[in-house]
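To keep things clear, I will list the structure first and then write my remarks on it.
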Amino acid sequence: IVSISKTDVTCNGLCNGTLNATGSGGTPAFTYSWSGGLGTGGSKTGVCAGSYTVTITDANGCTATATATITQPVALSATIAGTNVTCNGLCNGMGTVTVTGGSTPYSYQWGATANNQTTSIATALCAGTHSVTVTDNKSCTATASVVITQPAAMVLTPTSTNSTCGSSTGSVSVTVSGGAPAYTYIWGGACASSTCNNLGAGTYPVTVTDAGGCTKTASATINDAGGISAAITINQ
């Protein structure tokens with residue numbers, strides 16, 4: 001009679017299973033021969049996942065066989081879904097890890113760029129590449145990374161047209177690059193478009209807000225040379 005005890009592979013792809021065959025009855029001593037290239041001997045270590053058959057032969061040449069299957073868990077795999085930074089220079093990105101396979105529960109270790117957070121969701125991420133290592137209940141590991149992006153910085157280029165003769169004939173305008181179109185404009189109460197007309201001399205601040213709620217401020221100045229002046233010279 002042949003019996004086999006075993007321990008399964010702990011992590012997918014490893015070869016750390018064990019097999020131990022025991023014979024009873026017959027006439028000792030026994031010899032053991034394994035399939036799958038495991039050779040001879042009753043105990044085998046470093047066994048990969050698979051099915052193995054052992055044949056035991058006693059002193060009289062009588063034989064008996066038994067088969068055991070070494071299993072392995074489903075491969076541990078991790079992916080990260082990233083939420084990008086909303087405004088250039090902020091650190092409000094986020095990474096969410098999804099894990100499959102392995103043996104629950106899982107633990108998480110983010111890298112230094114993610115402030116070494118230890119949860120499945122990393123918050124307050126700056127633009128850049130962030131990685132996480134996931135470890136399962138049997139110390140198997142998987143790594144994943146995500147690239148968090150940010151929009152280009154908003155750049156405001158204000159221009160103005162001067163007024164004349166003390167009248168309200170000046171204008172201000174602003175051109176925007178970067179950020180996330182479309183933009184909204186507030187000219188300090190003067191108007192709410194990229195160009196404001198019929199303005200007198202003065203400095204006009206503008207706040208531009210993009211589609212992501214990011215803001216940038218600048219100002220444009222209207223000058224005025226004044227009107228015509230007259231003087232009277234009296235000769236007695």
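In a GNM of the chain with a 10 Å cut-off on Cα contacts, which of ASN92, ASN197, ASN84 has the highest mean-square fluctuation? Among ASN92, ASN197, ASN84, the largest mean-square fluctuation in the Gaussian network model of the chain belongs to ASN197. In this label model, LYS6 and THR207 are separated by 7.0 nm, measuring between points 7 Å along each Cα→Cβ vector. Within the listed set PRO205, PRO158, PRO28, the Gaussian network model of the chain (springs between alpha-carbon atoms below 10 Å) gives the highest mean-square fluctuation for PRO28. If you work out log10 I(q)/I(0) by the Debye sum over Cα atoms at q = 0.08, 0.12 Å⁻¹ from the coordinates, which of [x] -0.28, -0.63; [y] -0.61, -0.84; [z] -0.33, -0.72 do you get? Here log10 I(q)/I(0) by the Debye sum over Cα atoms at q = 0.08, 0.12 Å⁻¹ agrees with entry [y]. Distance from the alpha carbon centroid of segment 2-19 to that of segment 193-236 works out to 82 angstrom.
Once the piece of chain linking SER229 and LYS138 is laid out straight, how much longer is it, given 0.36 nm per residue of separation minus the C-alpha distance between them?
This chain segment gains 23.6 nm when fully extended.
Report the calculated FRET efficiency for THR22 and ASN115 (r = Cβ-Cβ distance, R0 = 45 Å), to the nearest 0.05.
E(calc), rounded to 0.05, equals 0.25.
Rolling a 1.4 Å probe across the protein heavy atoms gives the chain an accessible surface of 54 Å² per residue.
Spin-label model, THR67/CYS165: points 7 Å from Cα along the beta carbon direction are separated by 10.7 nm. For the chain, a Gaussian network of Cα nodes joined below 10 Å ranks VAL176, VAL132, VAL146 by mean-square fluctuation, and the top entry is VAL176.
Could you tell me what percent of the accessible area of segment 93-194 is made up of carbon and sulfur, with a 1.4 Å probe and every protein chain present? Carbon plus sulfur share of accessible area: 54 percent.
For THR18, THR149, the ranking by accessible surface with the largest value first comes to THR149, THR18, using a 1.4 Å probe. Length gained on full extension, ASN198 to ALA29, computed as 0.36 nm times the residue gap minus the Cα-Cα distance: 49.8 nm.
The values are calculated or read from the model by the stated rules, or taken from the named source; none is laboratory data. As the structure is a prediction and not an experimental result, all values here were calculated from the model. Methodologically, a virtual Cβ is constructed for each residue, glycine included, from the backbone with ideal geometry; neighbour enumeration extends over all protein chains shown. With ligands, DNA and RNA removed, areas are computed over all heavy atoms of the protein, side chains included. Shrake-Rupley method; radii C 1.70, N 1.55, O 1.52, S 1.80 Å.
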